[in-house]
Amino acid sequence: MGALHCLAPLVFLGTLLVLPQLLLASTTRYYTFNVTMKKVTRLCKTRAIPTVNGKFPGPRILTREGDRVVVKVVNNVKQNVTIHWHGVRQLRTGWSDGPAYITQCPIQTGQSYVYNFTITGQRGTLFWHAHVSWLRATLYGPIVILPKTGVPYPFPKPYKEVPILFGEWFNVDPEAIIAQALQTGGGPNVSDAYTINGLPGPLYNCSSRDTFKLKVQPGKWYLLRLINAALNDELFFSIANHTLTVVDVDAAYVKPFDTDVVLVTPGQTTNVLLHAKPDEGCPPATHLMLARPFATGRVGTYDNTTVAAILEYAPAGHIKSRPLFRPTIPVFNDTVFAANYSAMLRSLANPDYPANVPIQVDRPFFFTVGLGTNPCPTYQGCNGPTNDTMFSASVNNVSFIMPTTALLKAHYDRKTAGVYTSDFPAMPLMPFNYTGTPPNNTNVSNGTKVVVLAYNTSVEVVLQDTSIQGAESHPLHLHGFDFFVVGQGVGNYDPSKHPAEFNLIDPVQRNTVGVPAGGWVAIRFYADNPGVWFMHCHLEVHTSWGLKMAWVVNDGPLPDQKLMPPPSDLPKC
């Protein structure tokens with residue numbers, strides 16, 4: 001009877017855990033996103049936050065590979081809003097990509113915009129989020145992309161699929177936090193808690209009731225769709241007494257491997273299989289699911305707290321009456337674990353899911369990424385590295401100045417004068433020992449500069465971290481493309497030695513990659529998507545400081561190689 005009792009029917013709490021397994025073949029999915037303010041209480045603090053349809057986190061986009069997705073976004077809040085469909089290729093539909101002043105002007109209060117795009121060659125997990133200032137602190141939600149009808153997963157079919165969204169909670173308005181930091185030149189105040197599916201969990205004060213619980217049945221397989229939607233922190237994730245099998249990252253399948261800990265940077269997604277133990281639940285036990293930061297930088301502070309959720313086996317009961325297990329997570333600056341974990345990620349690279357890695361490179365680039373300084377305005381003091389400087393961030397020492405009109409429209413209209421220049425440097429103008437002693441002058445240059453590429457150019461970018469203001473890992477996100485991570489290492493990149501070690505057979509395919517602290521990473525992609533595409537650090541504070549740039553990809557000669565015309569409801573600046 002005991003065994004039968006342990007396998008009693010399971011009742012799931014909420015709709016977040018249940019994903020429909022059957023959707024119609026290739027169709028159009030329609031959604032309406034009403035952006036409204038809603039009062040939300042966490043950590044005994046109540047404040048009004050921007051939400052989509054009153055939900056925090058926001059609603060799920062559920063679709064299949066090959067489907068068209070149409071989302072009408074209506075802005076009912078005082079701030080300007082855009083939505084970015086993070087990781088969606090947006091083939092020829094750059095008008096729907098979403099970064100403010102890059103591919104569109106923002107949606108102003110009382111206005112709406114329809115995003116219209118097709119999911120091409122992708123399956124797995126992505127997510128959507130606001131792409132104006134720090135609004136994505138609360139405006140985010142999952143994108144679940146099922147395979148085409150009749151196409152199975154290349155791994156055991158799960159019993160249930162569960163989105164797990166990591167976020168950050170601020171007791172005050174994040175917009176006020178970044179506004180103050182940009183004014184004073186110092187680092188911004190950190191978040192008050194991390195969240196799992198919007199809930200901080202029992203390790204924070206006044207938060208035990210705000211805990212996400214995942215109830216599982218013994219012996220069943222679960223697919224956890226991990227999404228790091230946090231603003232400024234890379235996160236380790238682990239479940240006590242359970243091994244996770246990584247099967248997909250950034251909506252691309254990988255060779256499965258087992259791990260006790262998963263590392264997910266902001267902007268990255270990871271699908272893992274969880275096998276509920278066949279004999280666990282007799283007697284019932286409670287297993288903590290923990291996430292806490294991987295933090296390598298020395299600039300400012302970070303939220304050094306831990307978010308907890310609960311994995312419990314059916315039947316449910318009082319948690320206090322059960323044994324409680326807690327996982328072991330690497331220390332906050334474990335760069336060795338991070339490097340070893342990244343090295344395990346490999347594409348399937350089989351006939352069904354080939355890895356089309358560029359073997360020959362048409363345009364090589366070497367980009368330094370990191371922090372720097374700007375002089376303080378003469379009329380105010382600063383809280384930056386010194387009294388007369390303020391923090392800045394740059395790519396190849398160019399700190400990006402956001403334009404006041406959308407780059408894509410200027411490109412499409414061929415009216416780029418005064419909007420941007422196409423002289424972004426392909427390599428640092430003043431080479432130095434990038435991971436050694438920093439130069440005496442740490443000031444950056446400023447400008448709205450882009451790189452222009454011919455259609456279908458094969459591109460290699462080596463992203464080199466610098467030690468200026470301290471070596472720090474940077475999750476770099478490229479809009480409009482997936483890329484292959486062909487190499488990475490510590491110290492300075494050596495063009496005479498490191499390319500011979502590149503993996504051109506089965507490198508992992510991603511849209512966001514962590515540039516190692518005090519190291520480098522090499523990526524390759526084909527510029528086969530016409531438009532203007534943002535590339536930036538997904539640590540939001542670094543993006544605010546200017547660690548961003550843009551690629552302009554010109555039209556190809558054939559009709560299906562050209563950017564589509566702008567939609568009639570494209571917002572105006």
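Here the gap between residue 243 and residue 405, fully extended at 0.36 nm per residue and compared with their Cα-Cα distance, gives a gain of 53.5 nm.
If you plug the beta carbon distance of residue 362 and residue 562 into 1/(1 + (r/R0)^6) with R0 = 22 Å, you get a FRET efficiency near 0.65. At 10 °C and 1.306 mPa s, what whole-number value in µm²/s does Stokes-Einstein give for the translational diffusion of segment 438-558, with Rh from the Kirkwood sum over Cα pairs? Once the numbers are plugged in, D ends up at 103 µm²/s.
The modelled label-to-label distance for the pair residue 277/residue 34, using points 7 Å beyond Cα in the direction of Cβ, is 4.7 nm. For residue 43 and residue 326, what is the calculated FRET efficiency with R₀ set at 25 Å and r taken between the beta-carbons, to the nearest 0.05? Efficiency computed from Cβ-Cβ geometry: 0.75.
Between residue 429 and residue 257, what is 0.36 nm times their sequence separation minus the Cα-Cα distance? Round to one decimal in nm.
That works out to 57.8 nm of additional length.
How large is Rg/Rh for segment 368-439, to two decimals, with Cα atoms and a Kirkwood Rh?
Details: Rg = 15.9 Å, Rh = 14.8 Å.
Result: Rg/Rh = 1.07.
For the set 160/220; 55/213; 78/415; 255/277; 38/548, the pairs lying more than 20 angstrom apart at their alpha carbons are 78/415; 255/277; 38/548.
Shape annotation for segment 347-498: C-alpha extents along the principal axes are 62, 43, 24 Å, from largest to smallest.
With θ taken as phi - 60° and the Karplus curve 6.51 cos²θ - 1.76 cosθ + 1.60 applied, the whole-hertz 3J(HN,Hα) list for segment 102-114 is 9, 10, 7, 6, x, 7, 7, 3, x, 10, 9, 8, 9 Hz, x standing for glycine and proline. Across segment 226-231, rounded Karplus estimates of 3J(HN,Hα) from the backbone phi angles (6.51 cos²θ - 1.76 cosθ + 1.60, θ = phi - 60°) give 7, 10, 9, 9, 5, 6 Hz, Gly and Pro being marked x.
One way to sum up the overall shape of segment 401-462 is the equivalent ellipsoid from its Cα gyration tensor, whose semi-axes run 29, 17, 8 Å, largest first. If you bin all the Cα-Cα distances of the chain at 10 Å, starting from zero, the percentages per bin are 3, 18, 29, 28, 15, 5, 1, 0.
As a length-normalised measure over Cα pairs under 8 Å and 6 or more apart, the relative contact order of segment 319-433 settles at 19 percent. Only Cα sites of segment 487-573 enter the Debye sum here, all with the same form factor; the resulting log10 I(q)/I(0) across q = 0.11, 0.13, 0.22 1/Å is -0.50, -0.67, -1.22, listed in q order. To put it simply, the accessible area of segment 464-573 at a 1.4 Å probe is 57 percent carbon and sulfur. Amide H contacts of residue 127: 86, 143, each under 5 Å away and 5 or more positions distant or on a separate chain (H built 1.01 Å from N in the peptide plane; Pro and chain starts excluded). Which is farthest toward the positive dipole end of segment 298-416 among 344, 368, 327, measuring Cα position about the Cα centre, with Cβ charges +1 (Lys, Arg) and -1 (Asp, Glu)? Value computed over the given set: 327.
Distance between Cα centroids, segment 440-489 to segment 358-398: provide it in whole Å. With segment 440-489 and segment 358-398 each reduced to a Cα centre, they are spaced 12 Å.
Each of 446, 428, 111 was scored by the projection of its Cα onto the charge dipole of the chain, and the greatest displacement toward the positive side belongs to 111; charges sit on the C-beta of Lys, Arg, Asp and Glu.
Approximating the spin labels as points 7 Å out from Cα along Cα→Cβ, the residue 155-to-residue 501 distance works out to 2.8 nm. The radius of gyration of the Cα set in segment 208-265, together with its Dmax, comes out at 13.0, 38 angstrom. Over all other residues within a Cβ to Cβ distance under 13 Å of residue 254, the charged ones net out to -1, with Lys and Arg as +1 and Asp and Glu as -1. In the context of the full set of protein chains, the chain has a per residue accessible area of 39 Å² (1.4 Å probe).
Summing Cβ point charges (Lys, Arg +1; Asp, Glu -1) relative to the Cα centre of the chain gives a dipole of roughly 1560 debye. log₁₀ I(q)/I(0) of segment 473-521 at q = 0.28 Å⁻¹, via Debye over equal Cα point scatterers, no solvent, to two decimals? So the normalised log intensities are -1.12.
Considering only 231, 270, 218, and ranking their Cα positions along the charge dipole of segment 175-282 that arises from unit charges at the beta-carbon of Lys, Arg, Asp and Glu, the one farthest toward the positive end is 218. Karplus-based coupling profile of segment 553-563, in residue order and whole Hz: 10, 6, 4, x, x, 8, x, 7, 10, 10, 4, with θ = phi - 60° in 6.51 cos²θ - 1.76 cosθ + 1.60 and x standing for Gly or Pro. With axes computed from alpha carbons, what is the tilt in degrees of helix 174-184 against the longest principal axis of the chain, rounded to the nearest 10 within 0 to 90? Between helix and principal axis, roughly 30 degrees.
Amide H contacts of residue 443 (H built 1.01 Å from N, in plane; Pro and chain starts excluded): 373 sit under 5 Å, all sequence-distant by 5 or more or on other chains. Extending 7 Å from Cα along the Cβ direction at residue 353 and again at residue 388 yields two label points whose distance is 5.6 nm. Full extension of the chain between residue 454 and residue 437 yields a length gain of 2.4 nm, computed as 0.36 nm times the residue separation minus the alpha carbon distance.
Sorting the segments 495-502, 547-554 by their residues' average number of neighbouring beta-carbon atoms within 10 angstrom, most packed first, yields 547-554, 495-502.
Could you tally the net charge around residue 45, taking each other residue with its Cβ under 13 Å from the Cβ of residue 45, Lys/Arg +1 and Asp/Glu -1? Before the final figure, lay out the partial values.
On the way: positive: 39, 42, 47; negative: 173, 192, 210.
Taking every Cβ under 13 Å from that of residue 45, the sum is 0.
Between the amide H of residue 390 and those of 374, 376, distances stay under 5 Å, these residues lying 5 or more places away or on another chain, with hydrogens modeled in the peptide plane.
The values are calculated or read from the model by the stated rules, or taken from the named source; none is laboratory data. Bear in mind that the values here come from a model prediction, so they are computed numbers and not experimental data. Note that each Cβ is placed from the backbone with ideal geometry, even for glycine, and that neighbours are counted across all protein chains shown. Areas reflect the complete protein model, heavy atoms only, side chains present, ligands, DNA and RNA absent. Shrake-Rupley method; radii C 1.70, N 1.55, O 1.52, S 1.80 Å.
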